[in-house]
Amino acid sequence: MVTATHTELFTLLGISAEDAPECARLLATSPDKGVIRALEALEARLGTFPLDSIKEEDASEATWIEALLRFAPVVHDYHLELGISSAVSAASLADVGLQLRINRRVHGRFGLDTWGWLTLHMAGNLFRLGRLQFHLVPADSAASGWVLGVHIPEDGGLSPALVDESFAQARAFFTHHFPDKPATVATCDSWMLDPYLSERLPNSNIASFAKRFTVDRCTDAPTDAVYFTFRQRGLENLDKLPRETSLQRVVLERIDDGGTWQLGHGHLPL
């Protein structure tokens with residue numbers, strides 16, 4: 001049963017009416033030992049600016065969904081204590097609901113195979129600012145200082161105006177809320193930065209976005225383009241996927257021709 005308390009939480013997390021009953025069921029009883037361990041792991045990371053997500057294969061999806069639901073109010077309070085607006089906090093945490101909806105599209109059921117990704121949000125250093133998400137982390141060992149990892153939620157376009165506004169918000173936001181962690185570089189690791197895509201769709205918004213970054217290297221990621229374009233795991237039954245848009249055709253034709261999609265790893269100065 002979805003209670004008034006649940007409604008407040010589910011509104012914060014952007015959870016749909018379709019997923020709300022299953023989420024409420026997980027919260028109907030006290031957390032078991034697995035959930036408690038997951039909560040302890042999330043608590044240990046809060047405010048520590050981790051780069052990597054939690055990877056704990058022993059725990060079930062249900063365990064991590066429940067832990068994320070229970071821990072989200074703690075993260076929201078942490079944001080508010082930093083002076084971050086409730087609106088920005090909610091926009092950032094609403095990725096929980098979005099990922100639940102995506103899981104239902106991919107698998108046809110309630111679940112969360114991307115729970116590891118959401119453990120980054122629960123550390124309190126990943127924020128949705130306009131169109132994009134920004135993840136404040138220490139630079140790697142090859143450099144000093146701080147960087148903003150850029151991520152692209154699926155729920156919208158990538159027009160240059162929207163992207164410009166998002167970067168403008170990020171510069172102001174992190175300067176104000178994290179003045180002791182100045183980020184001078186943004187990075188992005190995405191199949192959208194594969195140079196092949198910009199070559200084939202040079203006038204697209206995706207190409208415009210990719211051209212903002214200097215691509216430092218590429219690594220093979222054979223399934224990423226299919227997953228993010230069609231929300232299908234794996235490369236089976238590609239002949240059954242639609243080829244209605246230019247992007248869909250480019251993604252599938254490259255594979256048809258024996259090519260391999262890659263992740264472009266790029267950076268830009270802020």
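The values are calculated or read from the model by the stated rules, or taken from the named source; none is laboratory data. Please read these numbers as outputs of a predicted model, since none were measured by experiment. Cβ coordinates were reconstructed from backbone atoms using ideal geometry, including for glycine residues, and neighbour counts include every protein chain displayed.
Structure notes:
- Elements of the type helices (runs of 4 or more DSSP H) sitting completely within the stretch 26-143 and holding at least 2 residues that are among the aromatic types (Phe, Trp, Tyr): these cover 61-81, 115-121.
- Qualifying residue in the stretch 216-233 (condition: in contact with a Pro (Cβ under 7 Å, 6 or more places away or on another chain) and surrounded by 13 or more Cβ atoms within 10 Å (Cβ to Cβ)): no
- Any chance His176 is surrounded by 15 or more Cβ atoms within 10 Å (Cβ to Cβ), at pLDDT 95 or above and either on the phi < 0 side of the Ramachandran plot or in a loop (DSSP other than H, G, I, E, B) (or both): no
- The stretch 169-184 residues that are under 20 Å from Ser144 (Cβ atoms) and not assigned by TED's automatic domain parsing to the domain that holds Ala91, paired with ones that are surrounded by 13 or more Cβ atoms within 10 Å (Cβ to Cβ) and of a type in the set (Gly, Ala, Ser) (beta carbon under 6 Å, 6 or more apart): Phe174/Ala183
- Total residues in the stretch 144-170 satisfying the condition of being part of a strand (DSSP E or B) and not aromatic (Phe, Trp, Tyr): the figure is 5.
- Checking the stretch 181-197 against the condition returns no match, with no residue being charged (D, E, K, R), surrounded by fewer than 12 Cβ atoms within 10 Å (Cβ to Cβ) and not in a helix (DSSP H, G or I).
- Meets criteria (without any contact (Cβ under 8 Å) to a residue 60 or more places away in the chain and over 19 Å from the mean Cα position of the chain (by Cα)) for Pro153: no
- Number of positions in the stretch 198-208 that are assigned to a loop (DSSP other than H, G, I, E, B) and more than 15 Å from Arg249 (Cα to Cα): 1
- In the set His6, His76, only one residue is buried (at least 18 other Cβ atoms within 10 Å of the Cβ) and modelled with pLDDT under 95; that residue is His6.
- Consider the stretch 127-146 and keep the residues that are among the hydrophobic types (A, V, I, L, M, F, W, C) and surrounded by fewer than 18 Cβ atoms within 10 Å (Cβ to Cβ). The one that is modelled with the highest pLDDT is Ala139.
- Failed item, numbered, when Gly124 is tested on (1) on the phi > 0 side of the Ramachandran plot; (2) among the small types (Gly, Ala, Ser); (3) in contact with a strand residue (DSSP E or B) (Cβ under 9 Å, 6 or more places away or on another chain); (4) surrounded by 15 or more Cβ atoms within 10 Å (Cβ to Cβ): (3)
- Checklist (1) over 19 Å from Ile15 (Cα atoms); (2) buried (at least 19 other Cβ atoms within 10 Å of the Cβ) applied to Pro160, failing item: (2)
- Here is the figure for the stretch 220-253: residues that are farther than 19 Å from Ser190 by Cα, of a type in the set (D, E, K, R) and not in a helix (DSSP H, G or I) total 3.
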